[in-house]
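K.L.:
Supplied in structure tokens, the structure appears directly below.
The values are calculated or read from the model by the stated rules, or taken from the named source; none is laboratory data. Just so you know, these numbers come straight off a predicted model, no measurement behind them. In this analysis, Cβ positions are derived from the backbone assuming ideal geometry, glycine residues included, and neighbour counts consider all displayed protein chains.
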Amino acid sequence: MIEAVNLYKSFGDREVLKNINVQFEKGKTNLIIGESGSGKTVLMKCLVGLLEVDKGKVLYDNRNFSEMALRARKAIRQEIGMLFQGGALFDSLNVEENVMFALNMFTNMTPEEKLERVNFCLCRVNIVNSNKLYPSELSGGMKKRVAIARAISMNPKYLFCDEPNSGLDPKTSILIDNLISEITREYEITTVINTHDMNSVIEIGDKIAFIYKGELWWEGTNEEILVSDNKEINDFVYATELLRKLKK
Amino acid sequence: MHVFYHIGKYGLLMVRTFARPQKWNAFRKQVFIEMDALCLGSLGIIAIISVFMGAVLVIQTAYNIDSPWIPLYTIGFTARQSLVLEFCPTMISLILAGKVGSRISSEIGTMRVTEQIDALEIMGVNSANYLILPKVTACVLINPFLIALSMFLGLIGGWLAAVVGHVTTSHIYILGIQSFFVPYEIFYALIKTAFFAFIITSVSGYHGYFTHGGALEVGRSSTLAVVYSSILIILANLVLTQLLLAA
């Protein structure tokens, strides 16, 4: 489980996160949703330690990540997998080398064992016969899937996904969502997804945290969000005229 | 105050850069890749510039010698001294600051804006160490060899100009480049080169590493990397010359 306790983060005078208290549960797909500029990306970056929090703490299974020394943090980071918005695959490495990267850096596996693990991860995300392709030769959806394979290569306990569906067509988006959801259940991972895609919210949102103007505004499940009477939630969920009519 | 902010930030980055590599095998492999990409990839331009630089030096020196009291072997001697002491180590390093510096800065800058550096950090990899140290090591180790080659090619260029242009005879030119030779001057030039290689790679790495934004900022970082590397090379040239050559 990942916990954010009394989290505050500012940039200059601008307070981006205000007193965030939220728990992300193990074996569930936890979603952080909110409008653009609401602070959800900053929250995710604070959770993984890419940004330092001003106040408060982040706990990984009761281990205080925010106050850890660099070496201890490094150990936790090896338990984290992250899928970035653009994939963030290393341009100079091919698909196989990208997925193998962490295995090369942190394990003493033999080349055969590493290749076996890489092929297993790629197979898990339905990428076959593409080991030698470079990121520039992959489609958007394939990049995301390779990035997922790279994220799970080290058997992570925690998986973070920053807008996994951005730039993808609806069909591929659902595919990626389902893949993340399946992997989460299969390996009992604590998954945190940052999104503003309502399809993802409805399809895979086991737990949803709605961030509004830097505050945790609402928490619930994908079923609860559809019947919530919170005005800000309704403005976000039923953003289009068509959806408002459907709700009525 | 802005200067001190950057010096401090650069210093902290260097502390992270010079940490122990995560895996020595991966580090060694990366150093060889960088040697090939950054150093050996510059061989062509270095060869062309060196040959022509040597040739022009010989022609200009001959042009300026109009007294019969000055022996003709002075042409070879002057060309050697100019090439070894200043032209090859400093001028070639300034050219490398443009070629290699902009490459390093734009490569690391692009990795920053496309979140590849964040991906390294999330994995628990010391990104500064992984990205910058192999480049610094490769250039500091290989650039002195490149400059030694540049000196040799410069002297060959001078010889070609002397012989083909009938400036002087081959024998007199060779006599000139052998006259009053002090081996320490080669050592001085190579030490300078190693320092310049460090400046080029670390300053360019710094500008790339702290790029924020998009394509525009990557381009801006590349320009800043070249400008600051060049200025620092010129400053370091003065300091090192004073330290190593002043009586």
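K.L.:
Could you run through segment A:127-173 and say how many residues are among the charged types (D, E, K, R), more than 13 Å from chain B (Cβ to nearest Cβ), assigned to a loop (DSSP other than H, G, I, E, B) and within 14 Å of the chain's Cα centre (by Cα)?
P.N.:
Residues flagged as among the charged types (D, E, K, R), more than 13 Å from chain B (Cβ to nearest Cβ), assigned to a loop (DSSP other than H, G, I, E, B) and within 14 Å of the chain's Cα centre (by Cα) within segment A:127-173 amount to 1.
K.L.:
Just to check your reading of the model, which residue among A:PHE90, A:PHE101 is touching a Ser or Thr at 6+ places or on another chain (Cβ under 9 Å) and modelled with pLDDT of 90 or more?
P.N.:
A:PHE101
K.L.:
Considering (1) surrounded by fewer than 19 Cβ atoms within 10 Å (Cβ to Cβ); (2) at pLDDT 95 or above, say which one B:PRO68 fails and leave the rest.
P.N.:
(2)
K.L.:
Among the residues of segment A:185-240, which ones are hydroxyl-bearing (Ser, Thr, Tyr) and assigned to a helix (DSSP H, G or I)?
P.N.:
Across segment A:185-240, the qualifying residues are A:TYR187, A:SER200.
K.L.:
If only one of A:LYS207, A:LYS213, A:LYS247 is among the basic types (Lys, Arg), surrounded by fewer than 17 Cβ atoms within 10 Å (Cβ to Cβ) and at pLDDT 85 or above, which one is it?
P.N.:
None of the other options fit; the residue is A:LYS213.
K.L.:
Something else now. Out of segment B:123-152, which residues are within 11 Å of another protein chain (Cβ to nearest Cβ), surrounded by 23 or more Cβ atoms within 10 Å (Cβ to Cβ) and assigned to a helix (DSSP H, G or I)?
P.N.:
B:MET123, B:LEU131
K.L.:
Select from segment A:131-172 the residues that are farther than 14 Å from A:LEU83 by Cβ and small (Gly, Ala, Ser) and write down the one among them that is surrounded by the fewest Cβ atoms within 10 Å (Cβ to Cβ).
P.N.:
Out of the qualifying residues, it is A:SER136.
K.L.:
Within the bounds of segment A:24-36, is there any residue that is without any contact (Cβ under 8 Å) to a residue 60 or more places away in the chain and either under 15 Å from the mean Cα position of the chain (by Cα) or surrounded by fewer than 17 Cβ atoms within 10 Å (Cβ to Cβ) (or both)?
P.N.:
No; the residues of segment A:24-36 include none that is without any contact (Cβ under 8 Å) to a residue 60 or more places away in the chain and either under 15 Å from the mean Cα position of the chain (by Cα) or surrounded by fewer than 17 Cβ atoms within 10 Å (Cβ to Cβ) (or both).
K.L.:
For segment A:58-74, does any single residue satisfy the condition of being in the same structural domain as A:ASN234 (by TED's automatic domain parsing), in contact (Cβ under 8 Å) with a residue 40 or more places away in the chain, more than 17 Å from A:LEU216 (Cα to Cα) and charged (D, E, K, R)?
P.N.:
Yes; the residues of segment A:58-74 include at least one that is in the same structural domain as A:ASN234 (by TED's automatic domain parsing), in contact (Cβ under 8 Å) with a residue 40 or more places away in the chain, more than 17 Å from A:LEU216 (Cα to Cα) and charged (D, E, K, R).
K.L.:
So which residues in segment A:217-233 are loosely packed, with under 15 Cβ neighbours inside 10 Å, charged (D, E, K, R) and over 17 Å from A:ASN30 (Cα atoms), if there are any at all?
P.N.:
A:ASP229, A:LYS231
K.L.:
Now for a separate question. Please note which strands (runs of 3 or more DSSP E) are completely contained in segment A:23-126 and include at least 1 residues that are under 24 Å from A:GLU188 (Cα atoms) and away from chain B (no Cβ under 11 Å).
P.N.:
Once the strands (runs of 3 or more DSSP E) in segment A:23-126 are filtered for at least 1 residues that are under 24 Å from A:GLU188 (Cα atoms) and away from chain B (no Cβ under 11 Å), what remains is A:29-33, A:55-60.
K.L.:
Right, another one. Looking at B:GLY158, is it crowded, with 20+ Cβ neighbours inside 10 Å, of a type outside the set (A, V, I, L, M, F, W, C) and touching a Ser or Thr at 6+ places or on another chain (Cβ under 8 Å)? It would help to see each step written out before you state the result.
P.N.:
Details: crowded, with 20+ Cβ neighbours inside 10 Å: yes; of a type outside the set (A, V, I, L, M, F, W, C): yes; touching a Ser or Thr at 6+ places or on another chain (Cβ under 8 Å): no.
So B:GLY158 does not fit the description; no.
K.L.:
Going by the conditions given, is A:THR190 closer than 30 Å to A:GLU15 by Cβ, touching a Gly at 6+ places or on another chain (Cβ under 8 Å), at pLDDT 90 or above and surrounded by 17 or more Cβ atoms within 10 Å (Cβ to Cβ)?
P.N.:
In short, yes.
K.L.:
Under the condition of being in contact (Cβ under 8 Å) with a residue 24 or more places away in the chain and not aromatic (Phe, Trp, Tyr), which residue from segment A:223-238 is nearest to A:GLU35 (Cα to Cα)?
P.N.:
A:VAL237
K.L.:
Which one is nearest to the other protein chains (Cβ to nearest Cβ) among residues in segment B:2-46 that are within 20 Å of B:ILE147 (Cα to Cα) and surrounded by 17 or more Cβ atoms within 10 Å (Cβ to Cβ)?
P.N.:
B:ALA37
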